[in-house]
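What follows is one structure encoded as C-alpha cells, with my remarks underneath.
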Amino acid sequence: MKKGIHPENYRFVVFKDMSNGTSFLSKSTAATKETIIHEDGKEYPVIKLEISNTSHPFYTGKNVLVDTAGRIDKFKKRYAKKD
C-alpha cells in the first residue's frame, strides 16, 4: 500500500442511529461539533446516522420500510389512476 495516503487522526466517536436510538463506539476521522455521554460515562463526539446495522432490514431480517417525509404518499399520489 502507498504510504502517506491514510489519515493519522483517528479518534473515538459514538455513532447514533436516529431511527431506533441505539449507539456504538468506534474510531473515525469524521468531523462533528456535537458531543454525547456514552455508556461508559465519558464524553465523545457523536455522528448521527439515519440507518445502521441495528435498523437495516438486511441485518435485522424484518421488512421495515423507513418512510421519511411521506415518500410513499407522494409516490401513490403521483402515479394514481386518474378518473
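Summary table
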{"item": "Unmet criterion (only one of (1) exposed (fewer than 11 other Cβ atoms within 10 Å of the Cβ); (2) part of a loop (DSSP other than H, G, I, E, B); (3) modelled with pLDDT of 70 or more) for N63", "result": "(3)"}
{"item": "Search result, residues across segment 19-39 that are part of a loop (DSSP other than H, G, I, E, B) and either polar (S, T, N, Q) or surrounded by 13 or more Cβ atoms within 10 Å (Cβ to Cβ) (or both)", "result": "S19, N20, T22, T29, T32, H38"}
{"item": "Positions within segment 23-45 being more than 19 Å from E8 (Cα to Cα) and not small (G, A, S), in sequence order", "result": "F24, K33, E34, T35, I36, I37, H38, E39, D40, K42, E43"}
{"item": "Residue that is nearest to K62 (Cα to Cα), among those in segment 36-52 that are touching a residue at least 24 places away in the same chain (Cβ under 8 Å) and aliphatic (A, V, I, L, M)", "result": "I51"}
{"item": "Residue that is surrounded by the most Cβ atoms within 10 Å (Cβ to Cβ) [pool: residues in segment 40-59 that are modelled with pLDDT of 70 or more and over 16 Å from M18 (Cβ atoms)]", "result": "Y44"}
{"item": "Pairs where the first residue, in segment 8-35, is among the small types (G, A, S) and the second is assigned to a strand (DSSP E or B) and exposed (fewer than 11 other Cβ atoms within 10 Å of the Cβ), C-beta under 8 Å, 6+ apart", "result": "S28/R11"}
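The values are calculated or read from the model by the stated rules, or taken from the named source; none is laboratory data. Owing to the predicted nature of the structure, the values given are computational and were not obtained by experimental measurement. Cβ: placed from backbone, ideal geometry, glycine included. Neighbour counts: every protein chain shown.
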